[in-house]
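Before any comments, here is the structure.
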Amino acid sequence: MTKKILILNGSPRAKGNTVQLIKSFTEGAENAGHIVTRFDLQKMNIHPCLGCCSGGKNPDSPCIQKDDMDKIYPAYKEADVIILASPLYYWTISGQLKCAFDRLFAVAECNENYENPKKECALLMAAEGNGYEEIVYWYDRLIKHLGWKDKGKILCGGVFHIGDINGKKELNDAYELGKSI
């Protein structure tokens, strides 16, 4: 069965190691017949959440702020699978990804019970080191709260400089994850 996959790329590096994970994942997913949409958040005009709880009045543009999130909302609502892709920054996701993800709450505000759409998801992450305990804790709690189903985590450490990921097994792991969705 063909699935719609949304990748939220939180890496600021256009040719960085996280992007290489995304490319491998995408190749596997597309080879399996899935449709992949990717947003490079660094290139987008996305403002932080205001915490106003005033969204949800217009399902086509759920947040009161009008910026590039209006490009993401339709893909998010249609997606079966959400891929969170980010370098590991201070033991968590990048600010770009956190900012965009926070703004997805406006979609939950469209539901009178503030329920988020049910999704499958996965985490793709590259890092200089190998300390993933905090991000795994955060990710596992996030998807439990949202009621989402985890499809996997690809965590590739020891890849600080652009290109350090070349030859790493995690690239194949990302391909296989994409193929298995």
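Annotations for the structure displayed:
- When +1 charges are put on Lys and Arg Cβ atoms and -1 charges on Asp and Glu Cβ atoms, the dipole computed for the stretch 53-107 relative to its Cα centre reaches about 140 debye.
- Gaussian network model of the chain, Cα within-10 Å springs - most flexible of ILE64, ILE165, ILE93: ILE64
- Orientation-averaged projected area, Cα convex hull of the chain (nm²): 9.7 nm²
- Filtered trypsin sites (Lys or Arg not before Pro), the stretch 112-181: DSSP coil and at most 10 other beta carbons within 10 Å: LYS118
- FRET efficiency for TYR114 and GLU30, using Cβ-Cβ distance with R0 set to 41 Å, rounded to 0.05: 0.75
- The length gained on full extension between ILE162 and TRP138, counted as 0.36 nm times the residue separation minus their Cα-Cα distance, comes to 6.0 nm.
- Most mobile listed residue (ALA126, ALA85, ALA14) in the chain, GNM with C-alpha springs under 10 Å: ALA14
- Spacing of the two label points (7 Å from each Cα toward its C-beta) at LYS169 and ASP60, in nm: 5.0 nm
- Cross-link partners of LYS151 among aspartates and glutamates, defined as those whose alpha carbon lies under 16 angstrom from its own and excluding same-chain residues fewer than eight positions apart: ASP80, GLU120, ASP140, GLU170, ASP173, GLU176.
- Along the stretch 16-23 the Karplus relation, 6.51 cos²θ - 1.76 cosθ + 1.60 evaluated at θ = phi - 60°, assigns HN-Hα couplings of x, 5, 4, 5, 5, 4, 4, 4 Hz to successive residues, with x for each Gly and Pro.
- Helix-only CD estimate at 222 nm, as mean residue ellipticity for the chain, using -39500 (n - 2.57) per DSSP H run (n ≥ 4): -10500 deg cm²/dmol
- Pairs of lysines in the stretch 62-147 (C-alpha under 15 Å apart; 8 or more residues apart or interchain): 4
- At most 10 other Cβ within 10 Å, DSSP loop - GluC sites (Glu not before Pro), the stretch 85-181: GLU112
- A cut-off of 5 Å between modelled amide H atoms, ignoring neighbours fewer than 5 places along the same chain, links LYS153 with LEU123.
- For the stretch 73-172, the spread of Cα positions along each principal axis, largest first, Å: 47, 25, 20
- Where both bridge residues fall in the chain, DSSP classifies roughly 5% of the beta bridges as antiparallel.
- Here the 3J(HN,Hα) profile of the stretch 133-143, calculated from phi with Karplus coefficients 6.51, -1.76 and 1.60 at θ = phi - 60°, is 4, 5, 5, 5, 4, 4, 4, 4, 5, 4, 5 Hz, Gly and Pro shown as x.
- Scattering from the stretch 4-77 was approximated by placing one identical point on each alpha carbon and applying the Debye formula without solvent; log10 I(q)/I(0) at 0.25 1/Å stands at -1.14.
- Farthest toward the positive end of the dipole of the chain, out of VAL81, TYR132, LEU142, is the Cα of VAL81, where the dipole comes from beta carbon charges about the Cα centre.
- Of the chymotrypsin sites (Phe, Trp or Tyr not before Pro) in the stretch 111-145, those whose Cβ has at most 12 other Cβ within 10 Å and which sit in DSSP loop: TYR114
Bear in mind that the values in this text are calculations on the coordinates, not laboratory data. Computed from a predicted model, the values in this text were never measured in an experiment. Heads up, the Cβs are rebuilt from the backbone with ideal geometry, glycines too, and the neighbour counts pull from every protein chain shown.
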